[in-house]
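Taking it in order: structure first as structure tokens, then the write-up.
The values are calculated or read from the model by the stated rules, or taken from the named source; none is laboratory data. Everything numeric in this text was worked out from a predicted model, so none of it was measured. Note that each Cβ is placed from the backbone with ideal geometry, even for glycine, and that neighbours are counted across all protein chains shown.
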Amino acid sequence: MNEAMTETTLGGQFTFPHTLLTVRRIGYGTMQLAGPGVWGPPKDSAAAIAVLREAVAAGVNHIDTSDYYGPHFTNQIIRQALHPYPSDLVIVTKLGARRPPDKSWQPAISPQELTAGVHDNLGHLGLDALDIVNYRVMGSGHGPAEGSIAGEVTVLADLRRQGLIRHIGLSNVTAAQIAEAQAITDIVCVQNNYNLAHRHDDALIDDLARRGIAYVPFFPLGGFTPLQSATLTDVAGRLGAAPMQVALAWLLQRSPNILLIPGTSSVAHLRENLGSGRLMLSPQVVTELDGIAGTGGAA
């Protein structure tokens with residue numbers, strides 16, 4: 001691997017605050033490695049393993065996962081594909097949900113459930129300690145919902161003191177919840193819904209950047225309803241790039257604390273996503289893309 005080329009093509013580097021963990025800004029999210037509806041094993045286990053190995057071979061050293069994907073299958077695939085892990089690989093997992101047999105998503109936030117979740121992640125990943133654990137607030141289904149998360153964060157802070165967790169992050173949270181959590185323990189990253197069309201967190205991203213805290217957008221390409229925009233398609237055509245590459249490149253240029261974890265079950269699509277790090281968008285193009293948010297994503 002050409003180190004200089006990797007830093008260029010994967011968006012440069014970011015070091016999580018209060019840590020020795022440095023990652024390249026384009027990472028990989030594992031949700032799509034599970035079966036349909038993020039349930040059950042992948043349709044093609046060999047293909048899932050190939051995607052993970054290709055990502056690491058390309059220089060990716062930030063993998064986002066959760067033991068409730070599948071449940072359990074994505075972490076088992078990570079272990080099968082990559083263990084023993086490269087020394088620079090940072091695996092970020094999350095707690096706060098469970099998947100009962102009806103395939104729904106239910107909160108799992110009692111001290112017992114959070115503790116069991118840590119041990120499940122450790123066991124399925126084959127680790128003695130988890131690099132970063134995000135507490136995922138289930139919210140209202142339409143984004144973050146206000147409410148105290150002190151009890152859950154305190155449980156994770158206790159598990160950190162026990163050495164089972166190295167660092168703590170948050171997912172699907174408000175600014176007030178971040179402040180509440182920071183009064184309990186260091187917060188190294190925040191994962192919220194954010195992309196070209198969904199920009200409710202603009203002020204939060206800027207605030208976190210000033211404090212050196214990573215912001216990791218989930219659904220960077222629109223999630224279960226991919227971004228569709230005539231403006232995005234037009235810009236991509238002019239740049240000779242795929243629309244989703246442009247959407248990822250915009251996120252990289254939006255703020256230096258943004259880390260990307262786009263997911264895919266295809267090696268070809270993975271390579272396309274990683275190629276977004278080679279795109280440099282001019283200020284004029286950025287302004288054009290910024291207008292998408294004001295049109296509901298359909299500009």
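Which members of region 246-299 meet the condition of being touching a strand residue (DSSP E or B) at 6+ places or on another chain (Cβ under 8 Å) and over 30 Å from residue 34 (Cα atoms)?
255, 256
Quickly run through region 19-43 and pick out the residues that are touching a residue at least 60 places away in the same chain (Cβ under 8 Å), out of contact with any Gly (no Cβ under 8 Å at 6 or more places or on another chain) and farther than 25 Å from residue 168 by Cβ.
Within region 19-43, just 37 meets the criteria.
Pick out, from region 199-292, the helices (runs of 4 or more DSSP H) lying fully within it that include 3 or more residues that are free of Cβ contacts under 8 Å to residues at least 40 places away in the same chain and within 18 Å of the chain's Cα centre (by Cα).
Ranges flagged: 243-254.
What pairs come out if I take residues in region 63-84 that are without any contact (Cβ under 8 Å) to a residue 40 or more places away in the chain and pair them with residues that are aliphatic (A, V, I, L, M) and part of a loop (DSSP other than H, G, I, E, B) whose C-beta lies under 6 Å away, six or more apart or interchain?
Hits for this filter: 69/34; 70/34.
Looking at region 26-41, which of its residues are over 25 Å from residue 15 (Cβ atoms) and out of contact with any helix residue (DSSP H, G or I) (no Cβ under 6 Å at 6 or more places or on another chain)?
Listed by number, the residues that qualify are 32, 35, 36, 37, 39, 40.
Filter region 110-148 down to residues that are of a type in the set (Val, Ile, Thr) and surrounded by 21 or more Cβ atoms within 10 Å (Cβ to Cβ) and give me whichever is nearest to residue 87 (Cα to Cα).
132
Tally time: how many residues in region 94-110 are under 25 Å from residue 18 (Cα atoms) and either assigned to a loop (DSSP other than H, G, I, E, B) or out of contact with any Leu (no Cβ under 6 Å at 6 or more places or on another chain) (or both)?
Matching residues across region 94-110 total 2.
Hey, does region 111-132 have a residue that's under 26 Å from residue 198 (Cβ atoms) and at pLDDT 95 or above?
Looking for residues that are under 26 Å from residue 198 (Cβ atoms) and at pLDDT 95 or above, one finds at least one in region 111-132, hence yes.
Which residues, counting only those in region 155-181, are loosely packed, with under 15 Cβ neighbours inside 10 Å and either more than 26 Å from residue 223 (Cβ to Cβ) or among the hydroxyl-bearing types (Ser, Thr, Tyr) (or both)?
161, 162, 163, 179
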